[in-house]
Amino acid sequence: MQLSARNELLFDGGVVLLESVNYLFTDGEVSLLLGVDDCIPQLATSVVRGLSIFKDLLRMVREDGKVFESVLLPDAPIDESWPIEEIGAAQ
């Protein structure tokens with residue numbers, strides 16, 4: 001599951017748009033969260049490209065020796081696209 005957020009940081013000189021993106025994986029017993037904390041949209045976009053590749057290469061072995069295999073979260077939306085406003089990211 002991908003979790004994304006946008007925030008505005010207000011300061012005396014104006015406003016800075018910040019984005020964070022996290023990927024949540026679970027096998028029903030253990031969860032793995034992989035992501036990037038608040039940063040400027042241009043950096044978030046670059047990091048997410050790398051995370052998309054990294055998550056496919058990542059292998060986690062549990063303490064009991066079992067290899068972690070992610071499963072779909074119950075009640076998670078499947079193949080749904082949630083539009084994100086382009087404010088700040090493309091300008």
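Structure above, values below:
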| read-out | value |
| --- | --- |
| Label-point separation in nm, Lys66 to Asn7, each point 7 Å along Cα→Cβ | 3.5 nm |
| Spin-label model distance (nm) - Asp75 vs Asp27, 7 Å beyond Cα toward Cβ | 2.5 nm |
| Vicinal HN-Hα couplings computed from phi for region 5-14 (Karplus, 6.51 cos²θ - 1.76 cosθ + 1.60; Hz; Gly/Pro x) | 9, 10, 9, 10, 9, 8, 8, 4, x, x |
| Virtual spin-label span in nm between Asp37 and Ser52, 7 Å along Cα→Cβ | 2.5 nm |
| Relative contact order for region 1-41, counting Cα pairs under 8 Å that sit 6 or more residues apart, in percent | 37 percent |
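We did not get these values from a lab; they are worked out from the coordinates using the rules stated. Predicted model only: the values in this text are computed from it and were never measured. Cβ atoms come from the backbone with ideal geometry, glycine included; neighbour counts cover every protein chain shown.
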